[in-house]
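Colleague: First the structure, which I've put down as structure tokens, then a few questions once you've had a look.
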Amino acid sequence: LDDHTEATLTQAILKTWPMSGIRQPRHLVAVQVNNGAGFSYGRTIDAVVMDTWPSSGLYLYGLEIKTNKADLRRELQNPAKFNGWAGFIDFFSIIAPKGIVDLKLLPERWGLYLPTDAGTLRARRKPLMLHDDQARMKTMPRSIVAAFGRALVTRAFSADGQKAEYDRGFENGKLEHKIDLNVTRKKLETLEEVIANFEEISGVRINSYDHERIGEAVKMVLRGGLSKRIGYSRSIRDLGERMLVLADELDAFSDAFDKGS
């Protein structure tokens, strides 16, 4: 049999039902959840997973870890733990290494998950809804709600919980960085293409040190600056003077273009 412990299978649960989502956490996983607060509880389930996305049903998944056949046999012979939770969860599954569970012995609505080499779980048999949709929203006693919340907080402040959140934040950060990098790369490629087209048509390199004067020249031409400079002359002398000034400016622009070519 595979060398799996309750601790390794618990970690597999956390990897299989991660909070995921960069900005919208999905799964809330509480481990070792009592069926009551204080000292009034009678049963502890290994894990409860709450899917917080309304589009996925807001379902509650009960998970029980079994690492040997004797423990599983006791569960099947005395399903008090399952019965204590059945009214408040939507699905129930056994988490066990390969070779522990005989599917023919499991109740038909129970699921079975096996560990994978990647450290996650794979459904050998998916669980079925324990009760009708209309009846499943049975009010959960405040005592159980308190126990669920306490289990979440306990894990959040544990070393394993903090490491898991750090790892999740690190992975989300890498994903966001990858997305931002791809967007920036596409913008840069578009800009490079535009610049290359301009340089090919104009014969001018944008990266020359006279780029500001080149920009001024292009702006003046696009706005009809040449025709405006000589189109409103009041006399031949005025026109000549304007053309001389314009010639000097064009010489300066020409020098800038020559340096940038």
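Colleague: Could you rank the peptides 64-73, 184-193 by their average count of other C-beta atoms within 10 Å per residue, with the highest value first?
Modeller: Listed from highest to lowest mean packing, they are 64-73, 184-193.
Colleague: Same structure again: Compute the FRET efficiency between Ala70 and Lys174 as 1/(1 + (r/R0)^6), taking r as their Cβ-Cβ distance and R0 = 45 Å, and round to the nearest 0.05.
Modeller: 0.55
Colleague: Also, I was wondering about something else. Please compute the length gained on full extension between Thr120 and Gln77, using 0.36 nm multiplied by the number of residues separating them and subtracting their Cα-Cα distance. Intermediate results must be reported in sequence, preceding the final value.
Modeller: Numbers: separation 43, 0.36 × 43 = 15.48 nm, distance 2.84 nm.
Value of the extension gain: 12.6 nm.
Colleague: Can I ask one more? Just want the ordering: His4, His131, from fewest to most Cβ atoms lying within 10 Å of their own Cβ.
Modeller: Least to most surrounded, the residues fall as His131, His4.
Colleague: Also: Give me, ordered by chain and number, the residues 5 or more places off Gly111 or on other chains with an amide H under 5 Å from its own placed amide H.
Modeller: Counting only residues 5 or more places away or on other chains, the set is Phe92, Ser93, Ile94, Leu128.
Colleague: Please give the length that would be gained between Thr190 and His131 if that part of the chain were fully extended, namely 0.36 nm times their separation in residues minus their C-alpha to C-alpha distance (nm, one decimal). Don't jump to the answer; show the numbers that get you there.
Modeller: Working: separation 59, 0.36 × 59 = 21.24 nm, distance 5.59 nm.
Answer, rounded to one decimal: 15.6 nm.
Colleague: Around Glu108, under 15 Å between beta carbons, what's the net of Lys plus Arg minus Asp minus Glu among the other residues? Please list the in-between numbers first.
Modeller: On the way: positive: Lys104, Arg109, Arg124, Arg125, Lys126; negative: Asp102.
Here the count lands on +4.
Computed from the coordinates by the stated procedures, all read-outs in this text should not be read as laboratory data. None of these values were measured; they are calculated from a predicted model. Ideal geometry is used to build each Cβ from the backbone, glycine not excepted, and the neighbour counts take in all protein chains shown.
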